[in-house]
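See structure below.
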Amino acid sequence: MSEQKGIVQHLLDDGMNGLQHNAITARLEDLVKWARSRSSWPASFGLACCAIEMMATGAAHYDLSRFGMEVFRASPRQADIMIVAGRVSQKMAPVLRQVYDQMMEPKWVISMGVCASSGGMFNNYAIVQGVDQVVPVDVYAPGCPPTPETLIHAIETLHQLIEDGQLMRRRQETGAGANVHVTEIPAGAQPVPVILGTR
Amino acid sequence: MSEATTPEDATAPAERYGVPLSDSRGQQVLHPTRDGYIRLLRTLLDETFTMCADLTAVDYLLHMNRELPAGVVPERFEVVVNLLSLQRRERLRIRVQVPETDPTIASAFDLYPGSEAMEREVYDMFGITFTDHPDLTRILMPEDWEGHPLRKDDDPSRIPVQFSADFTKRGSR
Amino acid sequence: MSIVDVIRDGNEPQQGLKPRSEITARELLREVGSVLRMSEAEAAKLGDIPVDPTEDQTMIINMGPQHPSTHGVLRLMLELQGETVLRCKPIIGYLHTGMEKTGEQLTYMQGGTNVTRMDYLSPLNNELVFSLAVEQLLGIEGDIPERAVWMRMLLSELNRMSSHLLFLATNGMDIGAVSMMIYGWREREEVLRFFQKVTGLRMNHNFIRPGGVAADLPAGWRDDVLHLLEMIPPRLEEYDILMTGQPIWRDRLQGVGVITADEAQALGATGPILRSTGVPWDLRRDMPYLHYDQMEFDVVVGSYGDAFDRYAIRLNEVRESIRIVHQILDRMPSGDYRIQNKKVTPPPRARIDESMEALIHHFKIFTEGFKVPEGEVYAAVESPRGEIGCYIASDGSPTPYRMHVRAPSFVNIQCLPHMMRGGLVADAVAVISSVDPVLGEVDR
């Protein structure tokens, strides 16, 4: 039987000469941003109909796991992104702020749906007209409810901003959100090309 | 079993269970007074109307000249109760007039415990107090909210939409 | 003192739960006795949960409003003695949207967009009950074309299927069978794909409108529905194997959250909760609307009133809905999809170019709205959660004077304290899940 070497054995055999092709080097900053964007865990803050679409995005058909986001952490201490999915009522606003405060830096907020972004069709006494009155928002995803494609577009836009490093810097300057608006992708069969990021 | 009676006197309204009866698009509606309300509920409970499907209220401030059977004095508020009899497969509606100066009415909790949350909602939205309710607190609005949102003189607080002419200010992707 | 300070201080506001030691005996007896329709004396003889002599203090814990196990923003305050739940109080209002106030400002044509977002898992049922109420006020309920009626039934039953599939998914996840979550959504996606083809949207369709439906069924719809009806039954068999026969599932759900028929009726519970106690009450059969009196289907009834019965009822209701959809497929007539009454439904787009009258009607319907005669009416249909009713009082203007929706989950949540009494904390999640509340319609 011919000798089958494992990967580790190959590495050991190469020794110091193998540093050219056995190791990757990068700036620590880039590696951290890369890891943060590929493995950001959302805090479950599903409120209304948008929560159902968010769960559908996490389900098998529009898999969020390929973006590293299928674990919806119940505890905000373990979460990076808060996806505010649904209409925020007057009674819920302090709870929203409390959950946001409990998240550890770095943290980002996606406002999913028109009710979270601007109050939506409910322009009345009961709904906070835009969740950005309570927490700083980084990406707004329109739709009522946004199709899973739109939500993935918003998430990927956010991921690209994190990887480019733009978001962390902006947050340090003013403490405000990034204020990025994405266009809605209607539910349909044809794939829609989107352009992310600046690189 | 009290059937609807059409009186010989054509001007008096039809009655059922001793209370004026009217017909609304084929549905029977009873109009008891505030004092006779609980007595009527008790009668109906014995007459197989075991389920209180819905208890709500209407603020008729802007529509005081609505149609009511003769002998029923219109007030600002109306408490509307929809009862359901599973045995007879029948629905019955009760409308009680509640004045603005004294917005209280007896609670149906002891007869229909399912009305607890519905009466709390009516209290929260209209300010009608239900006497002898086990826990009359706000249910939908925050605890410290002032005002009763579904009253007609309570502002819906609609923010007028402001359009910005310069759309290039927002960064869109 | 703002509500934020109150939460941080840990002092419970009025809407919270007072510990049992602080409430009067009469209040406590009222909690138990009136539900069972007993007098105070009888309730006293009933005796309460035995007080454990080693534990003299009870603990009040707060579940929610943000919690992975609640079906939306439901806050539960539980008073515990060790692991036993003594009392429970659900606190709602965290999703209150003022839909009834908004409903007074929208016209009857726009009302569907508002109502559909209440029970967002079965939006077509919401629109259906609203449209039925408006049609009764208008007096046109007998003139709706046949095809529109059958289309409404088709969509309503498919919606029941998608809502129950979501129940199976969330129930599974709450009990711990997390893979069930993924399976349930898989079928639901297929049904939603059909809805998207017909109505244009996956959720919150605003498709069933007063006068009929918004558009006709697209070409090839029969094949799509047949594909659904072929795909779902074998997967339901899979769920039977995965869950119904499984000992862990049975142990977690059997005997949990028991409610009797009298209690359910006293509390106003309808839908699967009432049917699980043995009362065969289903509005589709007992007070039929649309053409359900011509359909052949069984009303699934349980016998023990526990969470397992409710799960089994919903699973089998999917099968019954499949039966009904088969019958609708065979009997769908051709014809108009909405009533031809010019005052109520807008004219077809092509006619607007030709006829001035059509243009004026279109303009009036979409700007001012059509006027509905004075009166008040209550219409009810059987939604997947129970009886959903719509009470509309009209004063002759184009907007409703008062629009109230009797939400089944709002009333069913009142059963929670009763079901959880004496049970374990771990069963609290199973009980909530078996009641299947949708907070959008609870809070409106």
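Given a cut-off of under 8 Å on Cα pairs at least six residues apart, what relative contact order in percent is computed for the range A:27-181?
For the range A:27-181, the relative contact order is 24 percent.
With N set to the number of residues, divide the alpha-carbon radius of gyration of the range C:109-369 by 2.2 N^0.38 Å and report two decimals.
Taking N as the residue count of the range C:109-369, the ratio is 1.11.
May I ask for the Kirkwood hydrodynamic radius of the range C:127-266, worked out over all distinct Cα pairs and given in angstroms to one decimal?
17.5
Need the C-alpha centroid separation for the range B:19-61 versus the range C:252-280, integer Å.
26
Please give the charge dipole size of chain A, origin at the Cα centre, charges +1 on K and R Cβ atoms and -1 on D and E Cβ atoms. Round to the nearest 20 debye.
540
Between B:ASP46, B:ASP144, B:ASP102, where does the largest GNM mean-square fluctuation fall for chain B, given springs only between Cα atoms within less than 10 Å?
Fluctuation is largest for B:ASP144.
Which value in nm describes the separation of the simple spin-label points at C:ASN341 and C:ASP262, placed 7 Å from the Cα toward the beta carbon?
Rounded to a tenth, the inter-label distance reads 4.6 nm.
Would you list which aspartates and glutamates come within 13 Å of C:LYS89, measuring only between C-alpha atoms, while excluding same-chain residues fewer than 8 positions from it?
B:GLU116, B:ASP135, C:GLU12, C:GLU31, C:GLU79
Net charge within 13 Å of C:LYS343 by Cβ-Cβ distance, Lys/Arg positive one each and Asp/Glu negative one each, not counting C:LYS343 itself?
0
When DSSP assigns beta bridges and you keep just the ones with both residues in the protein assembly as shown, what percent turn out antiparallel, to the nearest 5?
Once the DSSP bridges in the protein assembly as shown are tallied, antiparallel ones form about 75 percent.
Across bins of 5 angstrom width beginning at 0, how are the C-alpha pair distances of the range C:292-339 distributed, in whole percent?
5, 18, 20, 16, 14, 11, 7, 5, 3, 0
Using the alpha-carbon atoms, what tilt in degrees (0 to 90, nearest 10) does helix C:307-331 show relative to the longest principal axis of chain C?
With both axes taken from Cα atoms, the answer is about 10 degrees.
Rounded to two decimals, what ratio of Rg to Rh does the range A:27-181 give with C-alpha atoms and a Kirkwood Rh?
In the range A:27-181, Rg relative to Rh is 0.95.
Pairs to check: B:LYS152/C:LYS371; C:LYS101/C:LYS364; A:LYS5/A:LYS33; C:LYS197/C:LYS342. Give those whose C-alpha atoms are more than 31 Å from each other in this structure.
A:LYS5/A:LYS33
Quick one: net charge of C:ARG235's neighbours, Cβ under 13 Å, K/R +1, D/E -1?
Counting the neighbours of C:ARG235, the net charge comes to -4.
Could you give me the radius of gyration and the Dmax of chain C, taking only the C-alpha atoms into account and expressing both in angstrom?
That works out to 23.5, 86 Å for Rg and Dmax.
Normalised by the number of residues in chain B, what is the relative contact order in percent for Cα pairs under 8 Å and 6+ residues apart?
After rounding, I find 17 percent.
Measure out, as a whole number of angstrom, how far apart the alpha-carbon centroids of the range B:88-131 and the range C:115-138 sit.
Going from one Cα centre to the other spans 24 Å.
In degrees, nearest 10, range 0 to 90: what is the angle between the Cα axis of helix C:221-239 and the longest Cα principal axis of chain C?
20
Sequence gap at least 6, Cα distance under 8 Å: using those rules, report the relative contact order of chain C to the nearest whole percent.
With pairs under 8 Å counted, the relative contact order is 23 percent.
Tally Lys/Arg at +1 and Asp/Glu at -1 over every other residue whose Cβ is under 11 Å from the Cβ of B:ASP153; what's the total?
Once all neighbours under 11 Å are counted, the net charge is -1.
What ³J(HN,Hα) values, in whole Hz, does the Karplus curve 6.51 cos²θ - 1.76 cosθ + 1.60 give for the range C:383-398 when θ = phi - 60°, with x put for Gly and Pro?
Taking θ as phi minus 60°, the curve returns 8, x, 9, x, 7, 9, x, 10, 10, 10, 10, 10, 10, x, 9, x Hz for the range C:383-398.
How big is the gap, in Å, between the Cα center of the range C:353-385 and the Cα center of the range A:18-86?
46
Restricting things to alpha carbons, tell me how big the protein assembly as shown is in terms of Rg and Dmax, in Å.
28.0, 114
Taking chain A as a Gaussian network, Cα atoms linked when under 10 Å apart, which of A:ASP14, A:ASP30, A:ASP101 shows the biggest mean-square fluctuation?
Looking only at A:ASP14, A:ASP30, A:ASP101, the largest GNM fluctuation is found for A:ASP14.
Any chance you could give the angle, 0 to 90 degrees and rounded to 10, that helix B:115-126 forms with the longest Cα principal axis of chain B?
In chain B, helix B:115-126 runs at an angle near 50 degrees to the longest axis.
Two decimals is fine: what's Rg over Rh for the range C:342-413, C-alpha atoms, Kirkwood radius as Rh?
1.17
For the range B:15-155, what is the largest minus smallest coordinate of the Cα atoms on each principal axis, given in angstrom and ordered from greatest to least?
43, 33, 25
Given the options A:THR25, A:THR57, A:THR150, state which has the largest fluctuation in a GNM of chain A using a 10 Å cut-off (strictly under) for Cα springs.
Answer for the Gaussian network model of chain A: A:THR25.
Grab every C-alpha pair in the range B:101-152, bin the distances at 5 angstrom width from 0 up to the longest one, and report whole percents.
5, 23, 32, 22, 14, 4, 0
Bear in mind that the values in this text are calculations on the coordinates, not laboratory data. Remember, predicted model here, so these are calculated numbers, not experimental data. Here Cβ is always computed from backbone atoms with ideal geometry, including for glycine, and neighbour counts include all displayed protein chains.
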